[in-house]
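Data block below; observations after.
The values are calculated or read from the model by the stated rules, or taken from the named source; none is laboratory data. If you're wondering where the values come from, they're calculated on a predicted model, not measured in any experiment. In this analysis, Cβ positions are derived from the backbone assuming ideal geometry, glycine residues included, and neighbour counts consider all displayed protein chains. To get the accessible areas, we keep the full protein, side chains included, count just its heavy atoms, and leave off ligands, DNA and RNA. Shrake-Rupley method; radii C 1.70, N 1.55, O 1.52, S 1.80 Å.
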Amino acid sequence: MSDTEREPCLGLDIGTSRIVLARRVQGKPDFQAQLNAFVTIPFSKMTHKVLKREGVPHKVRIPEIIIYGNESPRFAELFHLETRRPMRHGVLNPGERENLDLLRQIVASLLGGEGKGGGKLCYSLPAPRLDGSEEIQYHDAALRQVLGESGLELRSIDEGLAVVYGELEASNYTGIGVSCGGGMCNVCLAYLSVPVISFSIPTGGDLVDGRAAQATGEVATRVRLIKERSFALNGRPSDQLHRALTVYYEDLIRTLLTAMRQAFSDTSRLPRLDRPVPLMLSGGSVLPEGFRERFEAALRKGEFPVPVSEVMQSADPLHSTAKGALMAALTDM
Ligand SMILES: Nc1ncnc2c1ncn2[C@@H]1O[C@H](COP(=O)(O)OP(=O)(O)O)[C@@H](O)[C@H]1O
Ligand SMILES: [Mg+2]
């Protein structure tokens, strides 16, 4: 039977920055992504007509038109606007109903009509905050409501565990999965695919952008573009902005490792490991050249409660979570 004849099995990574859908095509994972972002421009009938003709995903909410997904940064740049986000630090903002609606639109544009004839979907959820500060219960309930409309059977997977599922098959799903995104970082220590310790911290690429923007008087959206195009964590920043990015990236690594040391320090919860375990870095924020090396150097510099054999970087960091969610849909549902 071919993949297309089977009921669809899908993995979905719902990140602050991007939503990634994974499906299996000819035995291999295939990915589609949309930015989890929007901009609003003034409504006119003409603008509406033009957007429809151009196939730009949008929603009319007079007196505005909301442009969402991958097209939003183009319009933000064009009209000197900041893109906005339905989610913040990994979870939906419960204050605004509009956010949920936008997420619904973005998810629907990725799913197409998938699910009408049944099928399975596994979606990623952030782990509880290390400091217990934020609830993911509302977030999960809202996602279930939106995703349930597709008709697909649902389950969720912890984001860090999804990285383990997606990237650590070689160690029999034993190791530490790390996902550094825009809004947050998720970490999971798993032993033979069983999650032992998972947590999240509300820090990521957005914070780096925001702090570097503040330090240099730039707009965060522009800082992000420059960071993604030309930033390397190689200790040789070429200008003031790259210098600021270096400072706040170093801080991100420090914060993440401090959190890991704290979370893993409760030895009564640690499994008795018979050998060191691998650590896998994923998520868009690990992409700057030199990140893996800086992270490993900082990890090796001090004590670390879990013996780590090697620090690896995913070959495809933007897709690791979705890939793991797909694996979970294919094997666990
Ligand atoms: N080439 C790149 N270099 C540096 N950072 C990048 C690059 N590409 C994406 N990012 C950053 O990665 C973050 C988004 O990562 P992603 O894993 O998609 O996040 P989320 O899980 O929050 O949706 C953003 O902060 C973005 O700026
Ligand atoms: Mg993510």
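Structure values in brief
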read-out: Region 173-203 - residue that is assigned to a strand (DSSP E or B) and β-branched (Val, Ile, Thr) and, of those, nearest to residue 281 (Cα to Cα); value: 178
read-out: Residues located in region 246-293, provided they are at pLDDT 95 or above, away from ligand 2 (no atom under 16 Å from the Cβ) and assigned to a loop (DSSP other than H, G, I, E, B); value: 264, 276, 288, 290
read-out: Selected residue (criterion: nearest to residue 93 (Cα to Cα)) from residues of region 9-58 that are within 16 Å of ligand 1 (Cβ to nearest atom) and β-branched (Val, Ile, Thr); value: 16
read-out: Any hit, region 314-326, residues being touching a residue at least 12 places away in the same chain (Cβ under 8 Å), in a helix (DSSP H, G or I), touching a Pro at 6+ places or on another chain (Cβ under 7 Å) and within 16 Å of ligand 2 (Cβ to nearest atom); value: yes
read-out: Number of positions in region 55-94 that are under 22 Å from residue 18 (Cβ atoms), without any contact (Cβ under 8 Å) to a residue 24 or more places away in the chain and loosely packed, with under 15 Cβ neighbours inside 10 Å; value: 3
read-out: Only one of 277, 306, 311, 247 that is without any contact (Cβ under 8 Å) to a residue 40 or more places away in the chain, of a type in the set (Val, Ile, Thr), surrounded by 18 or more Cβ atoms within 10 Å (Cβ to Cβ) and touching a helix residue (DSSP H, G or I) at 6+ places or on another chain (Cβ under 9 Å); value: 311
read-out: Qualifying residue in region 261-283 (condition: near ligand 1 (Cβ under 10 Å from one of its atoms), in contact with a Gly (Cβ under 6 Å, 6 or more places away or on another chain) and closer than 23 Å to residue 36 by Cα); value: yes
read-out: Selected residue (only one of 197, 226 is open to solvent by 10 Å² or more (accessible area, probe 1.4 Å) and away from ligand 2 (no atom under 16 Å from the Cβ)); value: 226
